[in-house]
Amino acid sequence: MPKAVEGLLENSVVYITKQGAQVGVDGGRIVVYAKDEGEIASFPMGQVDTINIFGNINFTTPFVARANEHGIVLNYFTQNGQYRGSFVPERNTIAEVRRRQYALSEADRLRIASAIIRAKIRNSRTMLYRRGAADDWLGELMDRAADANDLDELRGIEGEAAEIYFGILKRCVPDDWSFERRSRRPPADHINALLSLTYSMMKNEVLSALRQYNLDPFLGILHADRHGRPALALDLLEEFRPIFCDAFTLRLINRGILKHEDFQVNNHLKEYAFKTYLERFDEYMREEFTHPRFDYTVTRRKAVRLQAILLRKAITGELKEYHPLEFKK
């Protein structure tokens, strides 16, 4: 495994945080260079499908051409992890899948969105149950989500469930960490900053999966379409928020992996802590569990990609309904 300080992690997904680095190509390998250090890492071209760069890092023109040929998605983030945009290879588009996606009826959208939100609420309930803080109201809202009459009603149910969930989740936080409510722009405290960062990183995992299976991540089912907003990625992200993202955030603080002194005054992680965060996030996504529907072992990253496949099949009509990732206990 490459040195953690270089921000490069072993897998089909590569993270690069070394400021001033350049990503090029040498034969069949992706090569990362740093000024005054020379080559700091390399990867077989055929084993990488996504490269994430953070801050002042450049791709050479020959590399971008090869990335396009090999179907490698290039994602751009600020140094602190805010998503900025992507380079998407030409081959990651199949017209027929997109046509079916664009032609989804309101009833089809409601059917898929209800399944996603029902799963999110169930996973929220499971997340709390695992920490001895389950709530019966979430069970009732889960049933209401399954029977919602339209998307606006479903959005209201999701908002009500989120308010209840975060109100209980704050009781699961260690005493020396402040978390009164969910806040975003800007995050009010260190936990909110970690939640926002983790949602952003998981959204990127979902984006990569949707693109890999030829879905348009900007055409939403539940989230409203807006210029530059990956609405479908935000839709699919919902079921992963409590059981993957929130669980990971609590792990970081409960195990003492990140402490208050690892944050800047603006609640962003310091550079060394951000590299630690990325390393632990990648390890987390490569951890295995038994899939609750298929009953075989998968990594969390593979689970996200399986959901993209199931979503595509539901959109194209290969499946009669969408089967979200749900954990009952």
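Considering only the range 183-216, state which residues are among the aliphatic types (A, V, I, L, M) and over 15 Å from Leu232 (Cα atoms). Within the range 183-216, Ala188, Ile191, Ala193, Leu194, Leu195, Leu197, Met201 qualify.
In this entry, Glu140 is excluded by the filter for residues that are open to solvent by 40 Å² or more (accessible area, probe 1.4 Å), among the charged types (D, E, K, R), modelled with pLDDT of 95 or more and in a helix (DSSP H, G or I). The residue of the range 294-329 that is most open to solvent (accessible area, probe 1.4 Å), among those that are touching a helix residue (DSSP H, G or I) at 6+ places or on another chain (Cβ under 6 Å) and β-branched (Val, Ile, Thr), is Thr299. Within the range 110-137, the only residue that satisfies the criterion of being open to solvent by less than 40 Å² (accessible area, probe 1.4 Å), among the charged types (D, E, K, R) and closer than 20 Å to Val206 by Cα is Lys120. From the list His291, His268, His260, the lone residue that is at pLDDT below 95 and open to solvent by less than 40 Å² (accessible area, probe 1.4 Å) is His291. Evaluation of Phe274 against the conditions (1) over 16 Å from Ser208 (Cβ atoms); (2) surrounded by fewer than 17 Cβ atoms within 10 Å (Cβ to Cβ) shows that the sole unmet condition is (2). Of the helices (runs of 4 or more DSSP H) lying entirely inside the range 227-328, those containing at least 1 residues that are over 21 Å from Val173 (Cα atoms) and of a type in the set (A, V, I, L, M) span 231-237, 271-286, 300-316.
Each residue in the range 18-33 was checked for being touching a residue at least 12 places away in the same chain (Cβ under 8 Å) and either part of a loop (DSSP other than H, G, I, E, B) or loosely packed, with under 14 Cβ neighbours inside 10 Å (or both), and 6 pass.
Sub-7 Å Cβ pairs linking a first residue in the range 240-255 that is over 14 Å from Leu128 (Cβ atoms) to a second residue that is assigned to a loop (DSSP other than H, G, I, E, B), at least 6 apart or interchain, are Leu252/Leu258; Ile253/Pro174; Ile253/Trp177; Asn254/Pro174, ordered by first then second residue. Just the residues that are under 27 Å from Val48 (Cβ atoms) and open to solvent by less than 10 Å² (accessible area, probe 1.4 Å), please, taken from the range 215-224. Selection gives Leu215, Pro217. Note on the range 143-165: residues that are more than 18 Å from Asp108 (Cα to Cα) and open to solvent by less than 30 Å² (accessible area, probe 1.4 Å) total 4. Name every residue in the range 222-231 that is free of Cβ contacts under 8 Å to residues at least 40 places away in the same chain and of a type outside the set (Lys, Arg), in order of residue number. Within the range 222-231, His223, Ala224, Asp225, His227, Gly228, Pro230, Ala231 meet the criteria. Of everything in the range 170-210 that is of a type in the set (A, V, I, L, M, F, W, C) and touching a Leu at 6+ places or on another chain (Cβ under 7 Å), the residue that is most open to solvent (accessible area, probe 1.4 Å) is Cys172.
The values are calculated or read from the model by the stated rules, or taken from the named source; none is laboratory data. None of these values were measured; they are calculated from a predicted model. No Cβ is skipped: glycine too gets one built from the backbone with ideal geometry, and neighbour counts run over all protein chains shown. Heads up: the accessible areas ignore ligands, DNA and RNA and are worked out on the full protein's heavy atoms, side chains in. Shrake-Rupley method; radii C 1.70, N 1.55, O 1.52, S 1.80 Å.
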